[in-house]
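Quick notes on the structure that follows.
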Amino acid sequence: MLNLELLSYYNPWWKSSRVEERKLGKKRELFSKVKKLLSEKQIIVVYGLRRVGKTTLFYQTIDYLIKDQIDPLNILYFSFEDEKEDPWEVLMFYLNRVLRANSPNLPKLYLFLDEIQKVPNWADKLKRIYDIFENIKIFASGSAALKLEKKGKESLAGRAIFLELKPLNFKEYLKFVGLKYSAENLEIYKSEIETALENYLLEGGFFETIGKDKDFIFRYFRESILERVVYKDIAEAFGVGEPSALYEILKYLGSWPGRVVEYKNLSSDLGKDWRTVKLYFDYLEYSLLVKGVFNYSGNFLKSLRKRRKYYLSNPAFYFALFPEKEMQEDFRARVVESLVGEIFDFKFFWRSLRGKEVDFVKDSEIPLPVEVKYGQEVRKSDFSGLVAFGEKFKVKRGIIISKDEEGIRKFKNIEIHLIPLYKALLLNLS
């Protein structure tokens, strides 16, 4: 039940005028974006996977506001993770019992609503507060499905800015573990960076797994992320009666990164209608556990109609689902391929009717084909997909991300740049 004791528990800075150091953590790149948006009227909606640091980002923002001379009493934080309250009622209680203020005389207020997706019709309720109170800056956070709820996007059109908080990228990870390097002389730091990269593949860029042993890490991702999102978040958000089928799809994709999926073939194995299977894939994408990439054609609408290739959204998820495959070289190479796709947010791959393939295509005015070859050496046959792509789309440059090899190779009319993975993750890929 809503009362002053509960509200005071969530807002200890009302008494202490500060945010406890243990709640602040290290600042992410997204913090700078949030700071720049503080003066804007729009609601800031932060979404992302569980455990990526959304609440910490809110605490950091609250700490920044207090240090910027905002009265701590004018900042309200509330979490709906375990509380079944209504945002409007929370706000009214706060205004009447804490501020004892009337609407026309309100100072500038900051309202932080955590795990907002737990609230039925959350978007309409935020819209009501936004439209009525000119002086209230609203922040909301929630699970991945928050972003893609169609009704939410429609209700908040023009009223909200959606920001995704992802796990640490590799650059951020190195900063968090204290590994300093010079971008101009990466070769000097190669050994240290590659050791950190091996750890990053297992730890996935989540704060709570950094430096932990493998058994803890594998169990953490299975129980705290994958199972919880599938069996609780997706099941509740979309009313899925048999979430075990979702988990089977997740394991199917995790057993071999970069699968090209045929829904009808998979539906017979699961005993589900193919349209239900496709819907389950959508749910997994909505929840940011899975990422699909389209077959590039140069025409986006045409690409949408082709079969898609799927990856899990984080390399650590593969090892959590299949720890016995951790040291298998071909499996690790494909996990690295998945990592590259996620870090650079590629939307396309390419496969010809004759079976020639390129792992990823950077869609731009001049498309850039990218192949990931994380084996011991790059063979001549590894260039064939890039050459075929170059001939079809008249491009003169491609990239192979390798384990160690570096240099430039020329085939027919295409120039192929070989870049070691550790460099590719720390430099701009262009």
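Values for this structure:
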| item | result |
| --- | --- |
| Mean Cβ count within 10 Å, highest first, over the residues of peptides 74-85, 184-195, 164-175 | 164-175, 74-85, 184-195 |
| Reach of Lys410 by Cα under 14 Å, taken over aspartates and glutamates that are not fewer than 8 positions away in the same chain | Asp382, Glu391 |
| Dimensionless Rg/Rh of segment 236-292 - Kirkwood Rh, Rg from C-alpha atoms | 0.92 |
| Among (1) -0.52, -0.79; (2) -0.69, -0.94; (3) -0.45, -0.71, the entry that matches log10 I(q)/I(0) by the Debye sum over Cα atoms at q = 0.08, 0.10 Å⁻¹ as calculated here | (1) |
| Those residues of segment 104-126 whose amide nitrogen sits under 18 Å from the label point placed on Gln69, 7 Å along Cα→Cβ | 107-110 |
| In order through segment 372-388: 3J(HN,Hα) via Karplus (6.51 cos²θ - 1.76 cosθ + 1.60), integer Hz, x for Gly, Pro | 10, 10, 9, x, 6, 8, 8, 8, 4, 5, 5, 8, 5, x, 5, 5, 5 |
| Kirkwood hydrodynamic radius (C-alpha pairs) into Stokes-Einstein, segment 291-430, 37 °C and 0.692 mPa s, D in µm²/s | 213 |
| For the chain: accessible area per residue (Å², 1.4 Å) | 48 |
| Mean-position separation - Cα centroids, segment 109-124 and segment 306-384, in angstrom | 37 |
| Fraction of accessible area attributable to carbon and sulfur, segment 217-261 (%, probe 1.4 Å) | 42 |
| Helix 274-286 axis, angle to the chain major axis (alpha carbon atoms, nearest 10°) | 60 |
| Calculated [θ] (222 nm, deg cm²/dmol) that DSSP helices of n ≥ 4 give over the chain, each run adding -39,500 (n - 2.57) | -10500 deg cm²/dmol |
| ³J(HN,Hα), Karplus 6.51/-1.76/1.60, whole Hz, each residue of segment 315-332, x for Gly, Pro | x, 5, 5, 4, 6, 5, 6, 9, x, 5, 9, 3, 9, 6, 4, 5, 5, 4 |
| Dipole-positive endmost among Gln328, Ser268, Ala237 within segment 183-340 (Cβ charges, Cα centre) | Ser268 |
| Charge dipole magnitude, Cβ of K and R +1, D and E -1 - segment 37-142, Cα centre, debye nearest 20 | 100 |
| Under 22 Å from Lys325, Cα to Cα: lysines that are on another chain or at least 8 residues apart | Lys212, Lys214, Lys251, Lys291, Lys309, Lys373, Lys403 |
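The values are calculated or read from the model by the stated rules, or taken from the named source; none is laboratory data. The model shown is predicted, which means the values in this text are computed figures rather than measured ones. All Cβ positions, even for glycine, are placed from backbone atoms using ideal geometry, and neighbour counts span all protein chains on display. Just so you know, the surface numbers come from the protein's heavy atoms only, side chains and all, with ligands and any DNA or RNA stripped out. Shrake-Rupley method; radii C 1.70, N 1.55, O 1.52, S 1.80 Å.
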